[in-house]
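Chemist: So that we are looking at the same thing, I have put the structure below in structure tokens.
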Amino acid sequence: MTDSFGRTIDYLRISVTDRCNFRCVYCMPEEGADIAPKDWILRYEEIATIVRVAAALGIRKVRLTGGEPLVRKDIVKLVQMVAQTPGIIEISMTTNGFLLSRYARELKEAGLSRVNISLDTLNPERFVRIARRGSLQQVLEGIAAAQQVGLSPVKLNMVVMRAFNDDEVADFARLTLQHPYHVRFIELMPINWYDGSEGGEFLQQRFWSRIFAHTGEPSFQLVQLRQASRGMLSASEMRRLFVPVDEMRQRIEQEVAPLQPAEVVTNGPARTFRLPGAQGTVGFISQVTNDFCANCNRLRLTADGFLRPCLMADGEVDLRTPLREGKGEEEIRRLFLYTVAHKPERHYLAEGIKPVSRGMSQLGG
Ligand code: SAM
Ligand code: SF4
């Protein structure tokens, strides 16, 4: 599939649940997270149908994410179903790693190629301050298990926040000296930030309806699934925590060694480097200060069955309703092509337009 800006779309990220066993400060409220009713969540057979249609249209790589994908019952079965779909050449997963030591081997045997594990600190007390559930030790065991069973290369994703963990950037980079990990440093993204300005939201809705209105298709919609703000950092707190990737990179070069460009083929938006003599690599994901929209190759499927062409923009197409109304694969195919045709050229964060409809745990990151 090629979109209207000439980009090949061959990558689908599937959120398999909006539930999670952590409550990371930048992602979910500590208590009272809005969770979709169970019957909204796509069943495995429905996901398999969508993947079959997607693969026939040229999707080659699938990533399972969430919420936390490993909390969904029988997730290994879904991995197997997706891995067996003709046309899918790679299936990966993004996980917080807490349940990974339990499932790593089964996932590998079911056909999972590799995992991205989110890890924001190497300090156990800080871990609890950031994730608010779980334990560092268990995540470290998950990372070791992934490496051991060959879910590799293991990628570690660190969301860098000022005063929370920015002083650990060099330590994370040093991990690549001894281990073949791909450590990726991620800028905090403005998703679900609360500033109480309803006016801003209203403007945003008008903006999107302008973009999509001309098509005359009612399919694109702004799904309002906002999470309760209790226990989330506020937008102004988030802004204070924001660390640009240039600063992360400078810090690594000052505290460890100069980074050399590394030739690594990735599906996505990381710029990749290597420390001299290192086994692993270091990457930077700067969705905010240096966006990668020109090379974006992906679509997202939310756990409740909406196809979304852009993480940072709120338009979505409902696949669940036509699926459950028995409209068949031809209709799903049409909606895929429609979504790809309306994939925005880029995000509009610089213009002050942020996604407001869902939190990251509902989108899959
Ligand atoms: N639960 C899994 C995990 O944490 O890896 C998968 C879902 S999580 C939403 C996917 C990724 O999004 C994680 O690496 C997480 O750190 C990242 N993330 C969540 N909220 C974010 C934000 N506001 N800015 C940047 N990254 C964020
Ligand atoms: Fe859960 Fe992942 Fe969000 Fe953390 S980032 S709360 S682990 S979904």
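Chemist: Quick check: anything in segment 123-132 within 14 Å of ligand 1 (Cβ to nearest atom), without any contact (Cβ under 8 Å) to a residue 24 or more places away in the chain and farther than 20 Å from residue 182 by Cβ? Steps first, answer last, please.
Modeler: At the first step, the residues of segment 123-132 found to be within 14 Å of ligand 1 (Cβ to nearest atom) are 127, 130-132.
Checking which are without any contact (Cβ under 8 Å) to a residue 24 or more places away in the chain leaves us with 127.
Next cut, farther than 20 Å from residue 182 by Cβ only: 127.
Yes, segment 123-132 contains at least one residue that is within 14 Å of ligand 1 (Cβ to nearest atom), without any contact (Cβ under 8 Å) to a residue 24 or more places away in the chain and farther than 20 Å from residue 182 by Cβ.
Chemist: Restricting the first residue to segment 86-97 and requiring it to be near ligand 1 (Cβ under 8 Å from one of its atoms), which pairs with a second residue that is among the polar types (S, T, N, Q) meet a Cβ separation below 6 Å and a spacing of at least six or different chains?
Modeler: Sorted first by the residue in segment 86-97, then by its partner, the pairs are 94/65; 94/116; 96/118.
Chemist: Here is a further query. Taking only segment 105-120 into account, find how many residues are assigned to a loop (DSSP other than H, G, I, E, B) and either within 16 Å of ligand 2 (Cβ to nearest atom) or on the phi < 0 side of the Ramachandran plot (or both).
Modeler: Keep residues of segment 105-120 that are assigned to a loop (DSSP other than H, G, I, E, B), which gives 111-113, 119-120.
Next cut, either within 16 Å of ligand 2 (Cβ to nearest atom) or on the phi < 0 side of the Ramachandran plot (or both) only: 112-113, 119-120.
Looking only at that region, the number is 4.
Chemist: Out of the residues in segment 340-365 that are in a helix (DSSP H, G or I) and either among the aromatic types (Phe, Trp, Tyr) or free of Cβ contacts under 8 Å to residues at least 60 places away in the same chain (or both), state the one that is farthest from ligand 1 (Cβ to nearest atom). Explain how you work it out, then say what you get.
Modeler: We begin by selecting, within segment 340-365, every residue in a helix (DSSP H, G or I); these are 340-341, 349-351, 360-363.
The next check asks that each one be either among the aromatic types (Phe, Trp, Tyr) or free of Cβ contacts under 8 Å to residues at least 60 places away in the same chain (or both); those that pass are 350-351.
Details: 350: 17, 351: 19 Å.
Step by step, filter segment 340-365, then rank; the result is 351.
Residue by residue, here is whether (1) without any contact (Cβ under 8 Å) to a residue 12 or more places away in the chain; (2) crowded, with 22+ Cβ neighbours inside 10 Å holds:
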residue	(1), (2)
276	no, no
284	no, yes
294	no, no
322	no, no
330	yes, no
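Chemist: Also, I was wondering about something else. Can you tell me which of 59, 14, 47, 35 is closer than 30 Å to residue 242 by Cα, in contact with a strand residue (DSSP E or B) (Cβ under 7 Å, 6 or more places away or on another chain) and among the β-branched types (Val, Ile, Thr)? Don't jump to the end; show me each part of the working.
Modeler: Values: 59 fails: closer than 30 Å to residue 242 by Cα; 47 fails: closer than 30 Å to residue 242 by Cα; 35 fails: in contact with a strand residue (DSSP E or B) (Cβ under 7 Å, 6 or more places away or on another chain).
Answer to the check: 14.
Chemist: Turning to a different aspect of this structure: Restricting to segment 129-160, name every residue that is farther than 27 Å from residue 78 by Cβ, modelled with pLDDT of 95 or more and not in a strand (DSSP E or B).
Modeler: 136, 137, listed by residue number.
The values are calculated or read from the model by the stated rules, or taken from the named source; none is laboratory data. No experiment lies behind these values; they were computed from the predicted model shown. Ideal geometry is used to build each Cβ from the backbone, glycine not excepted, and the neighbour counts take in all protein chains shown.
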